[in-house]
Each structure stands twice: as C-alpha cells, then as structure tokens.
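Engineer: Dumping the structure here so I can ask a few things about it.
The values are calculated or read from the model by the stated rules, or taken from the named source; none is laboratory data. Quick caveat: nothing in here was measured; it's all calculated off a predicted structure. Cβ sites come from the backbone with ideal geometry, for glycine too, and all protein chains shown count toward neighbours. Remember, those area values only see protein heavy atoms, side chains included, never the ligands or the DNA or RNA. Shrake-Rupley method; radii C 1.70, N 1.55, O 1.52, S 1.80 Å.
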Amino acid sequence: MIIGCRSKIIIISHHKLGNGKTISSSKRHNFDHYAIFQRSCRARCSHSTTSSMNGFEDARDRIRESFGKLELSPSSYDTAWVAMVPSRHSLNEPCFPQCLDWIIENQREDGSWGLNPTHPLLLKDSLSSTLACLLALTKWRVGDEQIKRGLGFIETYGCAVDNKDQISPLGFEVIFSSMIKFAEKLNLNLPLNLHLVNLVNCKKDSTIKRNDEYMGEGVGELCDWKEIIKLHQRQNGSLFDSPATTAAALIYHQRDQKCYEYLNSILQQHKNWVPTMYPTMIHSLLCLVDTLQNLGVHRHFKSEIKKALDEIYRLWQQKNEEIFSNITHCAMAFRLLRMSNYDVSSDELAEFMDEEHFFTTSGKYTSHVEILELHKASQLAIDQEKDDILDKINNWTRTFMEQKLLNNGFIDRMSKKEVELALRKFYTTYDRAENRRYIKSYEENNFKILKAAYRSPNINNKDLLIFSIHDFDLCQTQHREELQQLKRWFQDCRLDQLGLSEQFISTTYLIGIAVVSEPEFSNARLMYAKYVMLLTIVDDLFDGFASKDELLNIIQLVERWDDYASVGYNSERVKVFFSVFYKSIEELATIAEIKQGRSVKNHLINLWLEVMKMMLIERIEWWTSKTIPSIEEYLYVTSITFGSRLIPLTTQYFLGIKISKDLLESDEIYGLCNCTGIVMRLLNDLQTYKREQGESSMNLVTILMTQSPRRTNICEEEAIMKIKEILEMNRRELLKMVLVQKKGSQLPQLCKDIFWRTSKMVYFTYSHGDEYRFPEEMKNHIDEVIYKPLNH
C-alpha cells in the first residue's frame, strides 16, 4: 500500500495481528526497541567493546556473589584492644597472641596502623589505631622495631590531633586522651607536644558524658563495668557489637565468659584480626542494597535484593537485636523495607522521637550518621495519625542538622556534604541525576567510620564502580537514540507550527526518563514524552489560542473519531492540529494494541475527550463567564486537565503488562489518579499563582481567599498554608497507596509506581520554579542524564 505523508511517499508493508487486523512495519520497529537497541549495539561492537561488555557481565556476576560475602575490613584499632586482653590463666600473657602477630605483620610503611589503603582525611584514625597498637606491643614487650617506627609516625603527624578538617573517629577526644594516660602507665614515652596533650585532655573533659559506655575503653577503670555488662551486653556476648569495648571489659573486669566467647567467635572466622563491628551481616546487607539503589543499578539484582530484604524483614518481625540495638540499622531497615512495600510500623522508631530523650538514653556516643539515617527514615510518613512519630523525628533531626551539624563545626567537610544532601526531600530529587552524582563521588576505596575507619569489600570495590559507569553509559546511549526518534517525530508532525518550541523535546523526554526509567520500556518512555507535548498543545489551544467554535469543533472531531471526515474543519488551525493529533494517537493505539493483545483505542480517545471537555469548562464556564467554582469542583476538573488520568493510565498499556478494562476502572486506580492529580495541581498553583493572578486565571489560592467558610476572607498567606496542608495529605496518601499492599489488589507494583514517579517528577519540576515552561535546572539535568559522558 502507498500513502502520502506531507511531501513524502512511504511504502508500507503489513503484518497480521492476532485478531486478524494488520499493522504497518513502519510502526512495528518501535515495539521491541530495547531488544533491537541491544542487538544493534552488539552489531556495532569492536573487539575492545566486546571485551568491555564481557568485563561488564563478569563484574555483575561478582557483585551477585558478594551478597554471600558479608564482612568488613580489619580494624587495627579493635585488634589492638583484643590483643591487650590478658589470659584467663595469667595476667602476664596475652589471651589472643595471634592478634599481636597480626599487628606486627600489618604495620604500614610510614610506621602507622589503620585502614589500608588509607585516606588523606584519616590522620586522626591512623593516630588512634597506631597508639592502640603501640600500647598492645608495649604491654606484652614485643615488636621493639615496630614500636620505634610507630612513635616516629606519631611524632611526624601528631599535630593532626587538633586539625578540624580531619575526620574524627567516634569518641576520639575521650579515647585518645585515655590512651595517652595508658601509655604513661606503661612507661611509653610519646613524642607529642605538651600543648596538644593538654588540649586533648580539655576536649575529653568537655565531651565525655554519663552515657558514653560505647567508648568505655576511653574511660577504663572509671567505668562500672559490672553495671555496663548488666545493662548493655548483647545476646552474642558483646557490648554494643564492639570488639574494642568488649575487650576493654575483659581488660578491666576480666570475669565475663560471654565476652570471651564473643571475641573467640570473631577470631574463629577471621583467624587473627577483628573488624570494628561484629556481627556484620545486617550492616553489610543494608549498606549493599542502599548502595546499589544509589548507584541506579539495583534493577540488575532484583532477586538478590529481594532475598536480602526478605531476610531483613524476617529479622525485623522477630525484633532481632542486631537491627534494633543499632540506631543506624533500625532506621535504614525501616526505610529500605517501607520503600520496598514491606509492612513495617513506625512504632519501632518511637524511642527516637524526642531529641532530649534520644541523647540522654541512647547509651552510646552518637554519630552524625545515626541522625542522618533517622532523618531519611522520617521522610516516609504515609499516615497522618499513625506516623506522628516520624513527623516528630523529622522536626528535631532537621533542626539538629541545620543548626548544629552544618553550622557549629561538629563534623568534617565530607560529612557536611552528606548532611546537605539528606536535608533535601527525597521526593523532590531527580533520580538519574542523583545516580550520576553518587557514581561520580563513589570511590572504590571509600570508607565509613565508627571508632575506627572501615570498608565493606562487597560495597567498596572496583566491580561496582566499573559496572555502574558502564550501565550509565549504556543508558545514555539509548537515551540519545530515543531522543533522536522524538526529534524526528516532532519534525514530521511539524509541532512548531502549533506553537510548540523545540526545547520541549528534551524537557518532555527528561520527564519520560524520570517516570519510566527502565531501559526495556522504550515505547512507554517515548509515549509519555509525546503525550506531554500533545497535552501542552491542547492546553494552549483551550487556554485562549483557539476560539470557542474551534474548541467545539475539535471535541466533535474526537467524538466522531472514525468518521471525522464528515465533521469538517472550522479553521486551518483546527485542521493542522487534528491531523497531527489523529496520526499520533492512531500510531500509539496500534502499539498499545500489540502490547495488550486487544484494541484500547477507544479508551485512549475517551481519556482525551475527558480532558478536553474539562478544559472547556475551565474556558467557558469559569474564565469567560467569570464563575468561581467550589474548591471540590476546581480540584476535580483541574486535576484531570493536568493529565492526572490521561498520561498515567495510557502509560499502563505500554509496560508489557496485560491490563484489563475492569482494573483500570477500579477504585484503586481512581484513588491513585485522584491523589496524583491533586498533588500535581497544587504544586502548580503554589508556584504559578502570582503570574496567574496577573493574567486573571483561576487558581486555588484565589478561590480560597474568596470562599473561606468564615465571615471574613482569609489572607494569601493563610490560603497558601491551607494548600500546603492539602498537598502534604494527598502526597502521603498517594505514597501509602503505592507502598502498602492492599488486600485483594490486582494492580502490579510497576503500575502503581508510575503514579508516584509522576508526582515525584512534578515535585522536581516545581521545586525550582516552573521548570516545564521556563527550564533552567532541567537544562543541567538534560546535559547530565543524556549527553555529558560520565568520565569518572
């Protein structure tokens, strides 16, 4: 068959559908774009690229294996404290001589001990670890050469003790000061400036608190170890899962069998060294899942992540001590489980909702990481009443981070950056841009710090870095190819003749990536971008570009879709618009039919009709007639005209999931559309009400100011506060519908996610102004996500 398309003639062959209908091959190429994209990439591969792909797949396999290798790096600091534990049979012999052997064998070239490889900001950690190792060697009168070299390191770098730019281990001032006094008792002459020693002692006096049992080795004989063991000993025999603190209990108390068993259990696994925290399974699993999500590669490890989270959830339900005795673990587990649709109650975080209670009863020295993780967890409130706990945590952690962590020099520069990122609401960020930032800042030799710096080999490694960069590059290549398709569609349809700027091509595609990020859903991503552009054109027409007669003509053409020729065109503008509109919807309806195995064209048309008729109400009944609608009517109509039903519902047909008509008409879908629409509309109104007031356009701020139930009208500020309350209530309700598994729900999770991602993208769009109409921040994100290479 030969048909004309503007000035071109295209020859089209046809393929039979299952229902006897046909589809043109010119449309068919889009159906399995991701598979075709992968094949084309492979076809173009050179030998070096093939090797790169093999390395990519090998790295993925090793990452999968890492889920079964959950351990932390050796801690020189903790190993030294374990080495100082005397034998139960003789106070003059070490209980764990193998730890002394490890210390002697693992001194660094500069005479120090610590994390290997080290980091320029870890001088305080190296000083602390080195001094602990020197104490152990001196106590048992071994390693004279190592002691000499270690003292040389302290002499050279001791001034770092007072360097505020250096990262401090937890309790550094208390513990380092106590170790200096311990050295004096052992007649170990430390080459430290007396002024520095006095300064450290002063900081110790101002830092130490009644409840700092976690750094008990820094308090030593002054501790009531019997009481500490009674109150804080874990089921595994440890004190705070800390080998160093547990070892200190044996050094100063010497009588607890469970402490010995705990340290023995670690050495049975690691032979002659200990990590700074043990056990490590929960910590490693949580950090690994979190890292994969932050890098944006979690989709490659769905089964491994599900298995890990299933185990975390099982332990959560059992009130597992390894989770609930550790603030960071508890907060991370809550966040990761809730965001992955597990039923977890915020009641488990109740003990952290009061700031004063938190700091006086936490029973250990608090790190900024605990505050940070609590704040992240507190953003997941989904119930106005039940999640009051999270609101209280959110309030005090935000204030604490803003006023103390960022402004009072409590933390180093690297930690400040983490806090600044955490203070941004997670539902206002652009995920792929955040993934890029995380990859750029990711270091295979990155570290975390408690009382000693440590790494997780299954998290901080070259495989994850290589894999993440390569995956991001592949996605960028695909995005650029899809964007070219979108540009060709824009040009073929001559959308510029309908008043749409070319800037909307990249802007709408960036929105499509945010909502449908999975590479395999190319059709859905392109459809999303096309629909946003078409809706923008329709909105402009109904917003005043077209006359009332032209609008009625457009609606009649859509109503008589299969017989539109009999309707005729009221104007050339209507003809140009409808020709483009008809062609685009027909093409997308054909693709959707292939995906669904049934025709869905009537539903697509009806969704557009619904939008247009609601826009007509806005134009004729409200704007022209100067009628002010009720709040309920305004929200219902304007949510629909914003596309809250049109775009997310149409997207469902392109996700490779069979969606029945009944399911799309269910109460669950209605609720998702309703909350999404209200969120979208209110975000728009809050950002644009000033401009719309000048244009005499309808806006909820204006309606609230004129329709207050009180006798006197409310002011603008009160109206804005009321809108923010409604917005937050609907945002939480939407997140609840997406995350909480409703009994009897048949709607696939991916389908629910589309609604949340849509609202998240609108939050991002309006958090920097009106980024859709006046994109500034989006331009940076377009460059970062689509064009700019990720040269790590």
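Engineer: Among the residues of the range 511-529, is any over 27 Å from residue 657 (Cβ atoms) and in a helix (DSSP H, G or I)? Outline the logic, then answer.
Structural biologist: Within the range 511-529, the subset over 27 Å from residue 657 (Cβ atoms) is none.
Checked the range 511-529: no residue is over 27 Å from residue 657 (Cβ atoms) and in a helix (DSSP H, G or I).
Engineer: Here's a follow-up. Six or more apart or on different chains, Cβ under 8 Å: which pairs go from a residue in the range 288-313 that's under 18 Å from residue 331 (Cβ atoms) to one that's among the aromatic types (Phe, Trp, Tyr) and at pLDDT 95 or above? Could you list them?
Structural biologist: 309/342; 313/342
Engineer: Separate question: Looking only at the range 62-117, which residues are under 17 Å from residue 274 (Cβ atoms), surrounded by fewer than 23 Cβ atoms within 10 Å (Cβ to Cβ) and charged (D, E, K, R)?
Structural biologist: 71, 101, 105
Engineer: While we're on this one: Identify the single condition in (1) within 21 Å of residue 251 (Cα to Cα); (2) in a helix (DSSP H, G or I) that residue 147 does not satisfy, given that it satisfies every other one.
Structural biologist: Only one criterion in (1) within 21 Å of residue 251 (Cα to Cα); (2) in a helix (DSSP H, G or I) is unmet by residue 147, namely (1).
Engineer: Would you mind telling me which numbered condition in (1) under 34 Å from the mean Cα position of the chain (by Cα); (2) in a helix (DSSP H, G or I) residue 543 fails?
Structural biologist: Checking residue 543 against (1) under 34 Å from the mean Cα position of the chain (by Cα); (2) in a helix (DSSP H, G or I), the one that fails is (1).
Engineer: Let me ask something else about it. Please tell me if residue 588 is open to solvent by less than 50 Å² (accessible area, probe 1.4 Å), touching a residue at least 40 places away in the same chain (Cβ under 8 Å), over 16 Å from residue 498 (Cβ atoms) and of a type outside the set (Val, Ile, Thr). Write out each step before concluding.
Structural biologist: Values: open to solvent by less than 50 Å² (accessible area, probe 1.4 Å): yes; touching a residue at least 40 places away in the same chain (Cβ under 8 Å): yes; over 16 Å from residue 498 (Cβ atoms): yes; of a type outside the set (Val, Ile, Thr): yes.
The answer is yes for residue 588.
Okay, residues lined up against (1) of a type in the set (S, T, N, Q); (2) open to solvent by 10 Å² or more (accessible area, probe 1.4 Å):
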| site | (1), (2) |
| --- | --- |
| 573 | no, yes |
| 577 | no, no |
| 629 | no, no |
| 640 | no, no |
| 645 | no, yes |
| 650 | yes, no |
| 667 | no, yes |
| 681 | no, yes |
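Engineer: Ok, one more. When the range 490-510 is examined, which residues are found to be in contact (Cβ under 8 Å) with a residue 60 or more places away in the chain, outside any loop (DSSP other than H, G, I, E, B) and open to solvent by 10 Å² or more (accessible area, probe 1.4 Å)?
Structural biologist: Within the range 490-510, 492, 497, 498, 503, 506 meet the criteria.
Engineer: Return the only residue of 724, 743, 736, 690 being assigned by the TED database to the domain that holds residue 593, of a type in the set (D, E, K, R), open to solvent by 20 Å² or more (accessible area, probe 1.4 Å) and assigned to a loop (DSSP other than H, G, I, E, B).
Structural biologist: Answer to the selection: 743.
Okay, residues lined up against (1) modelled with pLDDT under 85; (2) over 30 Å from residue 748 (Cβ atoms):
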position: 345; (1), (2): no, no
position: 352; (1), (2): no, yes
position: 359; (1), (2): yes, yes
position: 366; (1), (2): yes, yes
position: 371; (1), (2): no, yes
position: 382; (1), (2): no, no
position: 393; (1), (2): no, yes
position: 412; (1), (2): yes, yes
position: 425; (1), (2): no, no
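Engineer: What tally of residues in the range 246-267 results from selecting those that are surrounded by fewer than 20 Cβ atoms within 10 Å (Cβ to Cβ) and within 37 Å of the chain's Cα centre (by Cα)?
Structural biologist: Qualifying residue count for the region: 2.
Engineer: Could I ask something else about it? Would you please list the contacts, defined by Cβ atoms under 8 Å and residues six or more apart or on different chains, that run from a residue in the range 651-665 that is more than 11 Å from residue 750 (Cα to Cα) to a residue that is open to solvent by 10 Å² or more (accessible area, probe 1.4 Å) and of a type in the set (Val, Ile, Thr)?
Structural biologist: 654/591
Engineer: Being in contact with a Gly (Cβ under 7 Å, 6 or more places away or on another chain) and in a helix (DSSP H, G or I) narrows it down to one of 647, 640, 617, so name that one.
Structural biologist: Values: 647 fails: in contact with a Gly (Cβ under 7 Å, 6 or more places away or on another chain); 617 fails: in contact with a Gly (Cβ under 7 Å, 6 or more places away or on another chain).
The match here is 640.
Engineer: Right, another one. Which one of these does residue 697 not meet: (1) open to solvent by 50 Å² or more (accessible area, probe 1.4 Å); (2) not in a helix (DSSP H, G or I)?
Structural biologist: So the condition that residue 697 fails would be (1).
Engineer: Yes or no: the range 377-388 includes at least one residue that is in contact with a helix residue (DSSP H, G or I) (Cβ under 6 Å, 6 or more places away or on another chain), small (Gly, Ala, Ser) and touching a residue at least 60 places away in the same chain (Cβ under 8 Å).
Structural biologist: Within the range 377-388, one or more residues are in contact with a helix residue (DSSP H, G or I) (Cβ under 6 Å, 6 or more places away or on another chain), small (Gly, Ala, Ser) and touching a residue at least 60 places away in the same chain (Cβ under 8 Å).
Engineer: Something else about it: Quick check on my filter: what residues within the range 391-408 are more than 20 Å from the chain's Cα centre (by Cα) and among the hydrophobic types (A, V, I, L, M, F, W, C)?
Structural biologist: Across the range 391-408, the qualifying residues are 396, 400, 405, 406.
Engineer: Still on this structure, I have one more. Considering every residue within the range 703-711, establish whether at least one is outside any loop (DSSP other than H, G, I, E, B) and in contact with a Leu (Cβ under 8 Å, 6 or more places away or on another chain). Before you say what the answer is, go through the steps one by one.
Structural biologist: Of the residues in the range 703-711, the ones outside any loop (DSSP other than H, G, I, E, B) are 703-706.
Adding the requirement that they be in contact with a Leu (Cβ under 8 Å, 6 or more places away or on another chain) leaves none.
No.
Engineer: Looking at this structure, is residue 621 under 22 Å from residue 706 (Cβ atoms) and open to solvent by 40 Å² or more (accessible area, probe 1.4 Å)? Even if it seems obvious, please write down each step before you answer.
Structural biologist: Values: under 22 Å from residue 706 (Cβ atoms): yes; open to solvent by 40 Å² or more (accessible area, probe 1.4 Å): yes.
Yes; evaluated as a whole, the condition is true for this residue.
Engineer: Out of the residues in the range 224-245 meeting the condition of being among the hydrophobic types (A, V, I, L, M, F, W, C) and in contact (Cβ under 8 Å) with a residue 60 or more places away in the chain, tell me which one is surrounded by the most Cβ atoms within 10 Å (Cβ to Cβ).
Structural biologist: Going through the range 224-245, the residues among the hydrophobic types (A, V, I, L, M, F, W, C) turn out to be 225, 228-229, 231, 239-240, 244.
Subset that is in contact (Cβ under 8 Å) with a residue 60 or more places away in the chain: 231, 240, 244.
Numbers: 231: 11, 240: 24, 244: 30.
That would be 244.
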